[in-house]
1. With the checklist (1) away from chain A (no Cβ under 13 Å); (2) buried (at least 17 other Cβ atoms within 10 Å of the Cβ); (3) out of contact with any strand residue (DSSP E or B) (no Cβ under 9 Å at 6 or more places or on another chain) in hand, flag the one item residue B:57 doesn't pass.
2. Pairs under 7 Å by beta carbon, first residue within 26 Å of residue A:333 (Cα to Cα) in the range A:358-375, partner of a type in the set (Phe, Trp, Tyr) and in a helix (DSSP H, G or I), six or more apart or different chains?
3. Condition first: touching a helix residue (DSSP H, G or I) at 6+ places or on another chain (Cβ under 8 Å) and aromatic (Phe, Trp, Tyr). Now tell me which residues in the range B:134-176 satisfy that.
4. Identify all residues within the range B:341-353 that are farther than 14 Å from residue B:306 by Cβ, surrounded by 22 or more Cβ atoms within 10 Å (Cβ to Cβ) and not β-branched (Val, Ile, Thr); write none if there are none.
5. Of (1) within 17 Å of the chain's Cα centre (by Cα); (2) open to solvent by 60 Å² or more (accessible area, probe 1.4 Å); (3) on the phi > 0 side of the Ramachandran plot; (4) not aliphatic (A, V, I, L, M), residue B:287 satisfies all except one. Which?
6. With the condition kept exactly as written, say whether any residue in the range B:155-170 is assigned to a loop (DSSP other than H, G, I, E, B), within 14 Å of another protein chain (Cβ to nearest Cβ), on the phi < 0 side of the Ramachandran plot and surrounded by fewer than 24 Cβ atoms within 10 Å (Cβ to Cβ).
7. What number goes with the only condition from (1) within 11 Å of chain B (Cβ to nearest Cβ); (2) open to solvent by 10 Å² or more (accessible area, probe 1.4 Å); (3) in contact (Cβ under 8 Å) with a residue 40 or more places away in the chain that residue A:100 does not pass?
8. Within the range A:182-217, restricting attention to residues that are assigned to a loop (DSSP other than H, G, I, E, B) and open to solvent by less than 10 Å² (accessible area, probe 1.4 Å), which residue is farthest from residue A:382 (Cα to Cα)?
2 protein chains.
Amino acid sequence: MLVVKKFGGTSVANKERIFNVAKRCIEEYKKGNQVVVVLSAMGKQTDVLLDMAKDINPKPSRREMDMLLTTGEQTSVALMAMAMDSLGVPAVSLNAFQVAMHTTADYSNARLKKIDTERIQYELDNRRIVIITGFQGINKFDDYTTLGRGGSDTTAVALAAALHADACEIYTDVDGVFTADPRVVPNARKLEEITYDEMLEMASLGAGVLHNRSVEMAKKYGVQLVVRSSLNTSEGTVVKEESKMEKMLVSGVATDKNVVQFAVKGLENKPGVAFKLFQHLANHNVNVDMILQSVEHGGTQDIVFTVTQDSADEALNILERHGNSSLKCDEITVTKEVSKVSIVGAGMMSNAGVAAKMFEALYDAGVNIRQISTSEIRVTVLIDEKYTNQAAQAVHDAFAL
Amino acid sequence: MLVVKKFGGTSVANKERIFNVAKRCIEEYKKGNQVVVVLSAMGKQTDVLLDMAKDINPKPSRREMDMLLTTGEQTSVALMAMAMDSLGVPAVSLNAFQVAMHTTADYSNARLKKIDTERIQYELDNRRIVIITGFQGINKFDDYTTLGRGGSDTTAVALAAALHADACEIYTDVDGVFTADPRVVPNARKLEEITYDEMLEMASLGAGVLHNRSVEMAKKYGVQLVVRSSLNTSEGTVVKEESKMEKMLVSGVATDKNVVQFAVKGLENKPGVAFKLFQHLANHNVNVDMILQSVEHGGTQDIVFTVTQDSADEALNILERHGNSSLKCDEITVTKEVSKVSIVGAGMMSNAGVAAKMFEALYDAGVNIRQISTSEIRVTVLIDEKYTNQAAQAVHDAFAL
């Protein structure tokens, strides 16, 4: 059996944790399995490197930034190989050049294109544990690239696909995927299984266990993932195509406080107004989330949408610049104290009344809904931030999760 | 004109120094020249990485050690490219993979075999300053290797040879090569020129400006070197095949306190004794320097030799293990408070009486000679360490340097 195991930066932040991971991988190896380990940079190493760069050049080129950042994972993998070696197990570290981890040309946000497996297979055949740098690749110019947020998860999934691995385990600091954030909803339950689509909705809603790109890739190549804790040996949550819990209406409740609501009021009611508004935002890389367009009243209409907190200043800037001239709006309001509460479940598709049940639970809890957005397997409401926890608890209880 | 400039770790130890180097290279670039910069790891970065490794595994594999250490230079070159970019000059950093810096397979002490110049030439043709990681290479397995001590100098010389550079400048924290160490002999003078052979003798005697391997390579490929300061714009010392100072008997006086003398007394006077003794030492990688074998007295003989301080414990260990059994010696004595004083000069070859003049100067200064060793262009004496400075001064004055 061939197993890919991915450990994040906190799991390799110091000597003790490095040995903890080493022992865990050696256990797997001693069962007779082939083991491929994917690592991120140690602890805050990436932040340290970012700060060094910013100190030298406030706007460093992305090509050189990737050249700098890739030293982080190379440090982790070399130290891990030394740790395993000191425990008497042969191990070898490989970086993006040595594997030949081909990506698109985009620095700082590249996408994996192709992974050569020859060297990895050679090392595995020689009964070595193979430790590979996550997050990084090389492009057609033979330059380093990095994969952006959640990059190491993506590396692990891509390796599992390329090597036809029997398992791909993503180790984190939580036990798996929960029906809600246990810090918000104390009686939240760990899920045994979840579908790719549910996981994608959960991830984009701030559940934060797996990055969307890795789940998308897992779905595309049919790689079955296990999300589990690096701190204990509990079973974790399996992410796969079809969940045996399919019949459950709702798998989980997600909350997200990283949201700011904008209302652009009194826009002319004519074609192209919404297009112009969102094009201005897109041109400046501001990602817009929930969008609501009001019905006309008195010849004008309002458009309401949300962005993440770190995009809020930029969004306001753009709106103020274009608000009066090209958009001709009356007023722009910004509401920062809001949050999103969502229910996610593959079973929703074939069941009416799920949204209504959620709204009822919120009404009973005295929580006012400011905005609603839905997908096939998700219902999201925007509410006042101070009610986040009680709203999540009420919805969690209503669906008996 | 194509110029290769090499800067050591102290020259890039912090932001200010990085910018200092960047500006210096940009001056050259703005003259219309093509500029290749070779850098070492920042300041004590290599030591930090070594300590991290030793903490994980007291005997790390050399392969993984090289994987770890090569992150050091990669960090320097990326930051340097960012610094030049912030000063408005296009620059690109390249590591051993990107250049394709082929070496022998030996980890931690590899030798350069072949450098591909295509990528470098492409970047130079596009009017970029090219910043290359010193000290590192890749071997036939596509693994990182490092070149051992003085490795970055060697990288610079090899690049100058491969690119047919018009100049190869080695920047250090001193103004050039001196007739003696100015801290030891206050009236020491900077040399305008020195031959490769003289430089080789100086380097091996602890003058420490250039590592022997880089000088050997420069000699082999006829690369004219300039050793100069990164702190000022003084001219430095040219290292080349023939010096116009050829007629000078002596170019410089070198001192070296990093030496321990061993005397192995009462050895049987029969063939193979010296061979056995030095084979034991060589088997444990103890490099032996000055060797003196006494004439026979009473059926036995003594062998006296020196090693560097960091090899002294190991050497004693080996001698004690084998002293009584295979070597059958009477006594082993170790003298730590000794130092070497040497004169070096290409003119010595054709001039008798140089050694005698040195001995006379030492006698006049009241310095006792413990051991003597000579080469074609060098005379070295071993003396009590406490007399090092006055011996150096006396010899320096005697030859009117």
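1. It fails just one condition, (1).
2. Close Cβ pairs satisfying both conditions: A:367/A:387; A:369/A:359.
3. Within the range B:134-176, B:135, B:144, B:171 qualify.
4. Step one: of the range B:341-353, the residues farther than 14 Å from residue B:306 by Cβ are B:343-353.
Going one step further and asking which of them are surrounded by 22 or more Cβ atoms within 10 Å (Cβ to Cβ), we end up with B:343-346, B:348.
Within the range B:341-353, B:345, B:346, B:348 meet the criteria.
5. Result: residue B:287 fails condition (3) only.
6. Narrowing the range B:155-170 to residues assigned to a loop (DSSP other than H, G, I, E, B): B:163-166.
Applying the additional criterion that residues be within 14 Å of another protein chain (Cβ to nearest Cβ) yields none.
No: the range B:155-170 contains no residue that is assigned to a loop (DSSP other than H, G, I, E, B), within 14 Å of another protein chain (Cβ to nearest Cβ), on the phi < 0 side of the Ramachandran plot and surrounded by fewer than 24 Cβ atoms within 10 Å (Cβ to Cβ).
7. Failed condition: (3).
8. In this case the residue turns out to be A:191.
The values are calculated or read from the model by the stated rules, or taken from the named source; none is laboratory data. Every value quoted in this text rests on a predicted model; they were computed, and no experiment measured them. Here Cβ is always computed from backbone atoms with ideal geometry, including for glycine, and neighbour counts include all displayed protein chains. Ligands, DNA and RNA are stripped out before the accessible areas are found, and what is left, the full protein with its side chains, is counted by its heavy atoms. Shrake-Rupley method; radii C 1.70, N 1.55, O 1.52, S 1.80 Å.
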